[in-house]
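The values are calculated or read from the model by the stated rules, or taken from the named source; none is laboratory data. None of the values given here were measured: they were computed from a predicted structure. FYI the Cβ positions are ideal-geometry reconstructions off the backbone, even for glycines, and counts take in every protein chain you see. When the accessible area is computed, the model is the full protein with side chains, heavy atoms only, and any ligands, DNA or RNA have been set aside. Shrake-Rupley method; radii C 1.70, N 1.55, O 1.52, S 1.80 Å.
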Amino acid sequence: MFLAMLCMAAFTLTSCLNSDDDQDEITSSLMTEAEANQYLTPISGYHMGTLRAYFTNKEGKQDSVFVAAPCVVSAEAKNITFEEFPVSILKNYLNADADAELRAALEEKEGIPMITNMKAFWTITNNTTGQSNKFFYQIPNNKKLEFTLNYGGQEHKAVVNFIESVNIDYYTFDSRGLYDPTTYKMQLQFIISSFTVDSAPKLQLAALYYTDN
């Protein structure tokens, strides 16, 4: 189920980087500092986008939910700042009955600040078709978000751990982003390795997907 979820979340980010023909010659190269700055120029500034989570609903079917998640991209600092990252979206992954109090606490939790750093900028070129795409790797808050939840008459320490990439079968899913100059939209994918409350695991391996409106 996790693989299906990640495939949906990652499709837009990865499909344009893959060739339809195994015989096509694909090459990749790191952008220079100047190329990265040029790439970031149209992205810099305020973005009014949404965060999306894929999950299994009560009926056992694949479902999804959107939450507003405005952010600001800085070309100079090469980072993305979310003044109020909507951690409440995590409630959708939890069991409605077993984690009812935790879900309610997450639903009431206001967004928290998060900065995601752009780590490397790449150009992927299909030398057969001439198609070229650019993307970047990124990781939020040095791989961790920590915050407090109040329920059951007590305070609880919640931790969201992010990872840069995860391998499942033949696929590698990365925390990455891209800007599509044809639609003027930025897309981001965050890979969560775990979500714990008071060190107890509540979620393992999930993807959050951001896109501009």
Is it the case, given these coordinates, that Thr81 is in contact with a Cys (Cβ under 9 Å, 6 or more places away or on another chain), open to solvent by 30 Å² or more (accessible area, probe 1.4 Å), part of a strand (DSSP E or B) and farther than 17 Å from Val197 by Cβ? yes
Between a residue in the range 79-91 that is closer than 11 Å to Ala105 by Cβ and at pLDDT 95 or above and any residue that is open to solvent by less than 10 Å² (accessible area, probe 1.4 Å) and not aliphatic (A, V, I, L, M), which pairs come within a Cβ distance under 6 Å, given they are 6 or more apart or on different chains? Leu90/Phe195
Residue in the range 125-141 that is open to solvent by 40 Å² or more (accessible area, probe 1.4 Å), more than 29 Å from Met31 (Cα to Cα) and in a helix (DSSP H, G or I) present: no
Hey, can you tell me all the residues within the range 153-192 that are surrounded by fewer than 16 Cβ atoms within 10 Å (Cβ to Cβ) and small (Gly, Ala, Ser)? Gly153, Ser165
Of all residues being assigned to a loop (DSSP other than H, G, I, E, B) and modelled with pLDDT of 95 or more in the range 56-76, which is most open to solvent (accessible area, probe 1.4 Å)? Just the residue, please. Pro70
Within the set of pairs 6 or more residues apart or between chains, which connect a residue that is more than 11 Å from Ile80 (Cα to Cα) inside the range 107-129 to a residue that is outside any strand (DSSP E or B) and open to solvent by 80 Å² or more (accessible area, probe 1.4 Å) with Cβ atoms less than 6 Å apart? Asn127/Glu25; Thr128/Glu25
